[in-house]
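The values are calculated or read from the model by the stated rules, or taken from the named source; none is laboratory data. Computed from a prediction, not measured in an experiment: that's the story for all the values here. Virtual Cβ from ideal backbone geometry, glycine too; neighbours counted across all protein chains shown. Just the protein is used for accessible areas: all its heavy atoms, side chains included, with ligands, DNA and RNA removed. Shrake-Rupley method; radii C 1.70, N 1.55, O 1.52, S 1.80 Å.
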Amino acid sequence: DTFNVGDVRYWSFCTNETYSQKVNDCVFDEQLTLDEDGYYTIVVSAEADRPANATDECGVSWLPISASGDGYGDMVEGKTNSGHDALILVRNMAPAADFKSTIQNIPNHYSNADTLGEYDTAYWSESTATFEERGCN
């Protein structure tokens, strides 16, 4: 598929607390910093762990997790929150009927790449220092 304006009316990435399901923050399509090829990088972290180069000026969008992390301690008396856990949601709103590379068409969590094709996301975990070593842009 080739992405065309109107294939998906709106899409976003959001961080939620896993247990409470509270939405913490989102970044939506028009807010993303894109590179010259139309690709984007989103760093998701606690505010204290935000890399110095996770800025629009460096070509990176940043999405914070909740200060309560997973929200477990807020939901279950006597338990504590895991401060570095978050649920990341990718939302596609009102996709065109003929646009096949949309979240709604994923039959199970094992087939993202098959359905999303070039729109699939990649996830990697690294330390703040390692990300900062990438520099700007």
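Could you check region 58-137 for helices (runs of 4 or more DSSP H) lying wholly inside it with 3 or more residues that are modelled with pLDDT of 80 or more?
Numbers: elements: 72-75, 112-116, 128-132.
It comes to 128-132.
Might you check whether a residue that is small (Gly, Ala, Ser) and under 17 Å from CYS136 (Cβ atoms) occurs anywhere in region 59-70? Please lay out each step first, then the result.
Just the residues of region 59-70 that are small (Gly, Ala, Ser), to begin with: 59, 61, 66-69.
Next, only the ones that are under 17 Å from CYS136 (Cβ atoms) stay: 59, 61.
The answer is yes; a qualifying residue exists.
Starting from region 53-76, keep only residues that are over 20 Å from THR128 (Cα atoms), then list their pairs with residues that are modelled with pLDDT of 90 or more and not acidic (Asp, Glu) whose Cβ atoms are within a distance under 9 Å, requiring at least 6 positions of separation or different chains.
GLY71/ASN16
Counting only residues that are acidic (Asp, Glu) and within 13 Å of the chain's Cα centre (by Cα), how many does region 100-126 have? Full working, then the answer.
Step one: filter region 100-126 for residues acidic (Asp, Glu), giving 114, 118, 120, 126.
Those left that are additionally within 13 Å of the chain's Cα centre (by Cα): 120.
Looking only at that region, the number is 1.
From SER82, SER66, which residue is farther than 19 Å from ALA122 by Cα and either touching a His at 6+ places or on another chain (Cβ under 7 Å) or crowded, with 19+ Cβ neighbours inside 10 Å (or both)?
On the way: SER82 fails: either touching a His at 6+ places or on another chain (Cβ under 7 Å) or crowded, with 19+ Cβ neighbours inside 10 Å (or both).
Result: SER66 is the single residue among SER82, SER66 that is farther than 19 Å from ALA122 by Cα and either touching a His at 6+ places or on another chain (Cβ under 7 Å) or crowded, with 19+ Cβ neighbours inside 10 Å (or both).
Report whether or not GLY38 is on the phi > 0 side of the Ramachandran plot and open to solvent by less than 90 Å² (accessible area, probe 1.4 Å). Working first, answer last.
Details: on the phi > 0 side of the Ramachandran plot: yes; open to solvent by less than 90 Å² (accessible area, probe 1.4 Å): yes.
When the stated conditions are applied, GLY38 passes them.
If GLU36 passes every condition in (1) modelled with pLDDT under 90; (2) over 20 Å from GLU118 (Cα atoms); (3) in a loop (DSSP other than H, G, I, E, B) but one, which one does it miss?
Status for GLU36: all satisfied but (2).
Which residue, of SER45, SER20, SER12, is in contact with a Gly (Cβ under 6 Å, 6 or more places away or on another chain), open to solvent by less than 50 Å² (accessible area, probe 1.4 Å) and touching a residue at least 40 places away in the same chain (Cβ under 8 Å)?
On the way: SER45 fails: in contact with a Gly (Cβ under 6 Å, 6 or more places away or on another chain); SER12 fails: in contact with a Gly (Cβ under 6 Å, 6 or more places away or on another chain).
Result: SER20 is the single residue among SER45, SER20, SER12 that is in contact with a Gly (Cβ under 6 Å, 6 or more places away or on another chain), open to solvent by less than 50 Å² (accessible area, probe 1.4 Å) and touching a residue at least 40 places away in the same chain (Cβ under 8 Å).
Taking THR128 as the residue in question, decide whether it is of a type in the set (Val, Ile, Thr), more than 26 Å from ARG9 (Cβ to Cβ) and touching a helix residue (DSSP H, G or I) at 6+ places or on another chain (Cβ under 8 Å). Show your work before the answer.
On the way: of a type in the set (Val, Ile, Thr): yes; more than 26 Å from ARG9 (Cβ to Cβ): yes; touching a helix residue (DSSP H, G or I) at 6+ places or on another chain (Cβ under 8 Å): yes.
Here the answer is yes, as THR128 does meet what is asked.
Restricting attention to region 119-134, and to residues there that are under 16 Å from ALA54 (Cβ atoms) and of a type in the set (A, V, I, L, M, F, W, C), which single residue is surrounded by the most Cβ atoms within 10 Å (Cβ to Cβ)?
The first filter runs over region 119-134 and keeps only residues under 16 Å from ALA54 (Cβ atoms), leaving 123-134.
Adding the requirement that they be of a type in the set (A, V, I, L, M, F, W, C) leaves 124, 129, 131.
On the way: TRP124: 6, ALA129: 8, PHE131: 20.
So the residue we want is PHE131.
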